[in-house]
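First up is the structure itself, then whatever we jot down about it.
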Amino acid sequence: MDRSRKVFAHDIDPARMADLPARAERAGVQITQLPTAEVARHAPFDVVLCDAPCSGSGAWRRAAEAKWLLRPERLVELGEIQDNILSQASEYVSENGILVYATCSVLQEENEERVAAFVACNPAWQVIAQERFDVGAEGDGFFVVQLQRAQQ
């Protein structure tokens, strides 16, 4: 990592970043945590990572009871939240920047379908890389996609 670049972190629930200062110190990097009201003031960003809330289906092998708690209406609700996060986050990406969307889900409804919906509503954006990691002996499952504005 180019240590001369500024790194910012934001979470709608700041408590989720409680261990960030210690992790950053161990890594030898400086990370500035931004409250919601400050994010737009520091934009645009070269890379925006959306670690989206999801069903956690990629980790069900470690928490099998969670799969019995997921209801169809919750999956719809999560899809709406994920769509909103992608839409809002895209506004903070610099002209040639990258928007990264990630979940710890292996469900198409939370991954490929969310990306397809975003691109359908935002045709200026295109997928430049996408990967699904299924649950296996190596570990949990998750999904990640990189999006960038189409070059004119």
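Annotations
- If you go through the range 11-22 and keep only what is open to solvent by 30 Å² or more (accessible area, probe 1.4 Å), outside any loop (DSSP other than H, G, I, E, B) and under 28 Å from N111 (Cα atoms), you end up with P14, A15, R16, L20.
- Identification of strands (runs of 3 or more DSSP E) wholly contained in the range 46-152 with 3 or more residues that are touching a Leu at 6+ places or on another chain (Cβ under 7 Å) and modelled with pLDDT of 95 or more yields 93-103, 125-133.
- Scanning the range 103-129 for residues that are of a type in the set (G, A, S) and surrounded by fewer than 17 Cβ atoms within 10 Å (Cβ to Cβ) yields A116, A117, A120, A124, A129.
- Enumeration of residues in the range 39-58 that are of a type in the set (G, A, S) and open to solvent by 20 Å² or more (accessible area, probe 1.4 Å): A40, A43, S55
The values are calculated or read from the model by the stated rules, or taken from the named source; none is laboratory data. Here the structure is a predicted model, which is why all the values come from computation and not from measurement. Quick reminder, even Gly has a Cβ in these numbers, built from the backbone with ideal geometry, and neighbours come from all protein chains shown. Ligands, DNA and RNA are excluded from the accessible area calculation, which covers all protein heavy atoms including side chains. Shrake-Rupley method; radii C 1.70, N 1.55, O 1.52, S 1.80 Å.
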